[in-house]
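This report concerns only the one structure given below.
Any read-out appearing in this document is the output of simple, stated calculations on the displayed coordinates, not a laboratory observation. Just so it is clear, the structure is predicted and the values come from calculations on it, not from any experiment. Here the Cβ is made from the backbone with ideal geometry for all residues, glycine too, and neighbour counts use every protein chain on show.
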Amino acid sequence: MKRIQTVMAALMLTGAAGLPLAHAADISQGVHTLDLSAGAAVLMHEFGAGNAGNTFSDRYNFTVDGGAALGALVGSLDQASLGLGGAGFDSFKLYNSAGLSLDGARQSAPGAAAEVWTLSARHLVPDSYYLLVSGTVRNAAAGNYVGSVAISAVPEPASYGMLLGGAGIVGWLARRRKA
C-alpha cells in the first residue's frame, strides 16, 4: 500500500511539472533607431486586442553629436468602455552608452485612465543614448502608447562670453558718443 502511494505521488508531481505555467507574454517591439536630425521624433507601440496583462520593454536608440538638452514624454489612455486599450507604465528611463540612467517622472496618479510620464535632461554630451519604456497592457481592447522626444542645442560657454563682450563694447561705444 505504501508503495502505491509513493508511485501515485511521483506520477502527480511529474504531471504537475509538465503543466504550462501561466504568466504574461512579452510583447516588446524590436529596437528602434530615432532620427533626431529635425530635432524631434515620435515613440509609439500599438497593441492588438487580447493582450491584457502582457508586458513590454521598448528601446529607442539615438545619438547626440553636440551638447544638447532633451525633453521627452510618453502617455497612454485606458478606456475599456470605449474600446481603447491602454498601458500602465512601470518606468521611463534614459540610458547612456556606459549604462548610467536617468529616471522619468510620473505626472499622473498610478492607475489613472490617462497615464503620462516625462523626462528631461539639460546637458547631454555627445554620446549614444536610448530611451526605455516599460509597462503592462491594462485591458484586452486594442490600444497603444505614444510619446515624443525632442533635443535642442545647448549654447557653448564661449557663446555667453561673446554675448557679454559684445554688450560691453556696445555700452562703451554709447558712453563714448555721449562724451
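A few remarks follow.
- Condition check for residue 129: within 24 Å of residue 69 (Cα to Cα), surrounded by 18 or more Cβ atoms within 10 Å (Cβ to Cβ) and in contact (Cβ under 8 Å) with a residue 12 or more places away in the chain: yes
- Of all residues in the stretch 31-74 being small (Gly, Ala, Ser) and surrounded by 19 or more Cβ atoms within 10 Å (Cβ to Cβ), the one that is farthest from the chain's Cα centre (by Cα): 68
- Scanning the stretch 97-113 for residues that are within 13 Å of residue 72 (Cα to Cα) and either of a type in the set (Phe, Trp, Tyr) or assigned to a strand (DSSP E or B) (or both) yields 102, 103, 105, 106.
- The residues of the stretch 45-96 that are closer than 15 Å to residue 142 by Cα, assigned to a strand (DSSP E or B) and touching a Ser or Thr at 6+ places or on another chain (Cβ under 6 Å), listed by number, are 55, 56, 87, 88.
- Scanning the stretch 67-125 for residues being more than 15 Å from residue 147 (Cβ to Cβ) and β-branched (Val, Ile, Thr) gives a total of 1.
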